[in-house]
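Worksheet: the structure to be examined is printed underneath.
Just so it is clear, none of the values below were taken in a lab; they were calculated from the coordinates. Keep in mind that what you see is a predicted model, and the values were worked out from it rather than measured. For neighbour counting, all protein chains shown are included, and Cβ atoms are generated from backbone atoms with ideal geometry for every residue, glycine included.
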Amino acid sequence: MIRTISPWPEPNMPTQANQYRGNQEGCMKKTPDVEVFEQAVQEAKEKKYLLRLYVAGATPRSTQAIMNIKKICEEHLSGRYDLEVVDIYQQPLLAKDEQVIAAPTLIKKLPLPLRRFIGSMADVERILVGFDVKSVEEPPPKKRAQWPLGREYEKQEVA
């Protein structure tokens, strides 16, 4: 479906103010936009994730990354994911084709967009945001430091 963006609503398209229109009996009927949105939300809950984790042998970081990503997937994507673990020492061509330059690297192939995560997969928040399972929360504003810290600053004249 191709949509143009214009300041005027297209004919026969619901505006934001009247997403629901009454029919002759006075009942409310969903407009196509609302139905499409609700269908997209339902499909998002049923998405199947295709993940590929590239590791470098049986190193402690690789083992930790495998355990972390399995835990994350079981808790948040239970039954909706396929995880492939690829040892780059045993299958270097797969790593070369995917342009893997560090291990462990997790590639989320589906659903699109493709995303890459490098490291031990210990940052659960970052992984969930990258999977589009959790939204990004705004960090609190940082306090600005005053210079000099805790002291009065006197302007000195240069001779």
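Could you rank the peptides 97-108, 115-126 by their average count of other C-beta atoms within 10 Å per residue, with the highest value first? The partial results should precede the final answer.
Details: 97-108: 17.2, 115-126: 15.6.
Sorting 97-108, 115-126 by mean packing, highest first, produces 97-108, 115-126.
I need 54, 49, 89 ordered by Cβ neighbour count within 10 Å, fewest first.
Details: 54 25, 49 18, 89 12.
Fewest-to-most Cβ neighbours within 10 Å comes out as 89, 49, 54.
Please give, to one decimal in nm, the separation of the simple spin-label points placed at residue 33 and residue 94, each 7 Å out from Cα toward the Cβ.
Label-label distance for residue 33 and residue 94, simple model: 4.5 nm.
Expected output is a single nm value to one decimal: the length gained when fully extending between residue 129 and residue 115, i.e. 0.36 nm times separation in residues minus the C-alpha distance. What is it? Don't skip to the answer; put the middle values down first.
Working: separation 14, 0.36 × 14 = 5.04 nm, distance 1.07 nm.
Result: 4.0 nm gained on full extension.
Return the long-range amide H neighbours of residue 86 (sequence gap of 5 or more, or a different chain), with a cut-off of under 5 Å between placed amide H atoms.
Amide H neighbours of residue 86, under 5 Å, 5+ apart: 53, 54, 55.
Once the piece of chain linking residue 67 and residue 80 is laid out straight, how much longer is it, given 0.36 nm per residue of separation minus the C-alpha distance between them? Write out the running numbers ahead of the final one.
Values: separation 13, 0.36 × 13 = 4.68 nm, distance 1.76 nm.
My answer for the length gained is 2.9 nm.
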